[in-house]
Structure formats: C-alpha cells, structure tokens
Amino acid sequence: MVNKPKQSQTLDAKDRHITRLVQRDAKLAQSEIARQVGLSTAAVNERLRKLEAAGVIRRFAALVDPAALGVGVTAFVEVFFEHPRFEKSFLERIQQLNEVQECHHVTGEFSLLLKVRVRDMESLQQLLLEQLAGHEGVRQTRTVMVLSTVKEETYVEPENTGGEE
C-alpha cells in the first residue's frame, strides 16, 4: 500500500500548538498539553482524536537509536525499473521489509529512492542482491552509503493554513 500525501488540513492555533508538542514528546500527558495550550484535558483529547481521524497525526511512535539496537549501517538505494509495470509488485514487497525505512518516488534517472538500515555490510549485501535488485523488473540499483548523520528529524512545523489565530 502506497501512502499518498493528504490535502493540507486547516488547523487553528491550538491544533498547531498541540501538534508541535506531541511531535516533540508523544508521551506528554494530555493534562500537560492542556495546561500549555490553554484548554481542558477533555478538549485536548477530542482535538487529538480529530487530528488522528483527519490523518494529521498518523500514529504515535518511539524514536529509537538504531546503533543501540545493533543496526549500524544506513544507506540510500536508487531503484530503476525495466518498465513501470514492475513497480507495483516491488512497492508491495518493500512494505514487508523492515530494513526499508522510507520509499520515495523521485525525479531524475531513477524511479525510487529508498532509505535502508541494516545490521552490517553482509546484511546490506543480502538486502540489495536478494530483496531489491533481485526483484523482477528491477533493471538497476545504485547505493550510497551514509558515513555519518549530522541531522535526522521527524518534526514538521505546522504551517498556518488559514485557520484562526
């Protein structure tokens, strides 16, 4: 299943404040969010449920340190298909691969850009040869290794999209 971008949601100032807070700390108690935003806890609970239902908040998750879990290799893999008809089954396959953290349709020579994380070089080789490049219709892959990461963020600044201030 491919995640398509949703339409930008109209958020008021309180919703934007709530999204800022929960992005930085999803474990923040609703009572604390309510205190910081100036609403009741029940109102915050209702707004969070509406933000989830609208797809503004997709899910709550813990951010872990990959190296602490023994996953020390990060790479970006460009994927080029022989023909577009092969893309659908490839996309379905990578949905099942935990090593593939991100998949983006991109402009340029290649069709897809994947962000992958694996334990070691042997695991990367297995992923590339058996799971990615070995998939039917994949004409070529090109891999770029990450030497170090200076910034990696999940935070998205909620823009004022016409909601009340």
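Values in this text are rule-based calculations from the coordinates and carry no lab data. Here the structure is a predicted model, which is why all the values come from computation and not from measurement. Every residue, glycine as well, gets a Cβ built from its backbone with ideal geometry; the counts of neighbours run over all protein chains shown.
What the pair-distance distribution of the range 13-53 shows, using all Cα-Cα distances binned every 5 Å from zero, is 6, 28, 41, 24, 2 percent.
For the range 49-146, GluC sites (Glu not before Pro) are listed when DSSP marks them as loop and at most 12 other Cβ atoms sit within 10 Å of their Cβ; the list is Glu82, Glu109, Glu136. Summing Cβ point charges (Lys, Arg +1; Asp, Glu -1) relative to the Cα centre of the range 7-165 gives a dipole of roughly 340 debye.
Averaging 1/r over every pair of different alpha carbons in the range 1-81 and inverting the result gives a Kirkwood radius of 15.2 Å.
For the chain, the orientation-averaged shadow of the C-alpha convex hull comes to 11.8 nm² (one quarter of the hull surface). Per residue, the chain reaches -8000 deg cm²/dmol at 222 nm when only DSSP H runs of four or more residues are counted, each adding -39500 (n - 2.57). Exposure here means at most 11 other Cβ atoms within 10 Å; with trypsin sites (Lys or Arg not before Pro) in a DSSP loop as sites, the longest stretch of the chain lacking them is 60-150. Sequence-distant contacts, meaning Cα pairs under 8 Å at least 6 residues apart, place the relative contact order of the chain at 32 percent. Pairwise inverse Cα distances across the range 67-145, averaged and inverted, put the Kirkwood hydrodynamic radius at 12.6 Å.
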